[in-house]
Amino acid sequence: MRYISTRGGSPAVGFADAVLAGLAPDGGLYVPEAWPQFSADEIRGFLGRPYHEVAAAVIGAFAGDEIPRDVLLEMCREAYATFNHAAVVPLVQVAPGAFIAELFHGPSLAFKDVAMQILARLYDHLLGQEGRVQTILCATSGDTGGAAVEAFRGRKNVKVVALFPQGRISEVQRRFMTTAEEANVGCVAVAGTFDDCQAIVKDIFADQALRQAVDLSGVNSINFARIAAQAVYYFTTAVAVGAPDRAVSFCVPSGNFGDAFAGYVAHRMGLPIQRIIAATNANDILARAFEEGRYARGQVQPTISPAMDIQAASNFERLYFEAARRDAVETTRAFQAFGSAGAIDVPPQALAYMRELFRGVSVSEDEIRRTILSTLNETGELIDPHTAVAVAGLGKVAGTPDPVIVLSTAHPAKFPEDVTEAAGLAPELPRGAANLAARPERFDALPAEATAIKAYVRAFAEA
Ligand SMILES: *Cc1c(COP(=O)(O)O)cnc(C)c1O
């Protein structure tokens, strides 16, 4: 399987190169040259299989012959053995024809674990073959850092540096990073905002000398392996409610659009999906794109679903590329214009294509809080604020056909204050994470200055 850039200016590469590079050299995002296909019989055959077997089948379709099937199967087995639920992604019925898929049973209690656990094993395997050690740098607004630290700690061929804004993430989120004991993990509390952290990461990636010296890599959701790993639970959950003999709809709490785009990927691979609702909080760039045809950045507003406080949904470029019939010239024009002007109009034909599958909806802070309470009252399920965005969003989009599956992206105990305030009930940390508060923390505090962080990254990589 070869991977091409949405901007058309980079040569096609294999799976390993696409994964280790993350972003294509021309600034585009990698997509497979053709979508692998599963027949209805193959999809039907996923029913009742262990999660890691379906994961190996789906990810294997993208890896082609670059990773031996038995090696990939073993990686998937290990990755999903870290989850504290035997079903890995269990489904809970909440109403007739309505289900919640719990994606938060991984080690850091957020859906990012689903992809990050397998990504870490892919990196270790692919780098090990080349005798390479990479440094992974990530800025986190909360969940990505914890998932990355949990996945990459102790791996031989990877060092990971997580930058988080001091005092601006929850204690539980911080402790998932700072209590890791392994020497290949470095956590930095930056005296600034998440935007400062991200700007510093950009600066460091732009420093070619440092980038080469420490073999820098990134693991945010532009990495295609993350998308491939996220397509897996669309298959397992849809099959559990009747696919492929019945079409299924999904409602997805969305920020960077990686999770919802993975649904598009599953659809293109043969899974009958009727509709995917991209539900956003007040940061509604995606909702406006699908409903009004204008993809336009706004001011980031802080909300109680912070993992979705994003005003540029990187994976939207992949869908745009598909909707523009894979016209790389048009995609380049559009996203260069978005980069400079902060807004583009989606051409009518492309918008019509997107709306064959997608709807967008945005949800206010009030609606999030009310939905946490009403879901508890009506179903006994305590949901986190991100999941509540999707549950509330589903209620606002008329005519979504049954059955519909809401993706639940975080454990409520990751956001104890907001959940307790909305529900009048305190969520409990699952057993594995319960001693988090007692474990010693280890992190460095640095000013929000690129020079200081660069020095840290260089020293950490060389240690
Ligand atoms: C990252 C995240 C999301 C958003 O997922 P995208 O792929 O960025 O759209 C939603 N909920 C939680 C809890 C997350 O951590």
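The values are calculated or read from the model by the stated rules, or taken from the named source; none is laboratory data. Just so it is clear, the model here is predicted, and its values are computed rather than measured. Note: ideal-geometry Cβ built from the backbone for every residue, glycine included; neighbour counts use all protein chains shown.
The table below lists the values:
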| item | result |
| --- | --- |
| Output for the range 240-262, where each listed residue is away from the ligand (no atom under 16 Å from the Cβ), part of a loop (DSSP other than H, G, I, E, B) and among the small types (Gly, Ala, Ser) | Gly242, Ala243, Ala247 |
| Test result for Asn283, part of a loop (DSSP other than H, G, I, E, B), near the ligand (Cβ under 8 Å from one of its atoms) and buried (at least 20 other Cβ atoms within 10 Å of the Cβ) | no |
| Residue within the range 147-159 that is at pLDDT below 90, within 15 Å of the ligand (Cβ to nearest atom) and charged (D, E, K, R) present | no |
| The range 105-143: number of residues that are of a type in the set (Gly, Ala, Ser), more than 16 Å from the ligand (Cβ to nearest atom) and within 28 Å of Gln166 (Cβ to Cβ) | 1 |
| Test: Tyr51 is under 22 Å from the mean Cα position of the chain (by Cα), more than 30 Å from Phe205 (Cβ to Cβ) and among the hydroxyl-bearing types (Ser, Thr, Tyr) | yes |
| Where a residue in the range 74-91 is on the phi > 0 side of the Ramachandran plot and its partner, wherever it lies, is surrounded by 15 or more Cβ atoms within 10 Å (Cβ to Cβ), with Cβ under 6 Å and at least six apart | Val88/Tyr51; Val88/Tyr80 |
| Looking only at the range 400-449, and only at residues there that are β-branched (Val, Ile, Thr) and not in a loop (DSSP other than H, G, I, E, B), the one that is nearest to Arg370 (Cα to Cα) | Val419 |
| Verdict on Cys197 being at negative phi and in contact with a helix residue (DSSP H, G or I) (Cβ under 6 Å, 6 or more places away or on another chain) | no |
| Number of the exception - Tyr234 against (1) at pLDDT 90 or above; (2) in contact with a helix residue (DSSP H, G or I) (Cβ under 6 Å, 6 or more places away or on another chain); (3) more than 16 Å from the ligand (Cβ to nearest atom) | (3) |
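A quick yes/no check of all residues on (1) out of contact with any Asp or Glu (no Cβ under 8 Å at 6 or more places or on another chain); (2) acidic (Asp, Glu):
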site: Leu376; (1), (2): yes, no
site: Ala398; (1), (2): yes, no
site: Leu407; (1), (2): no, no
site: Glu417; (1), (2): yes, yes
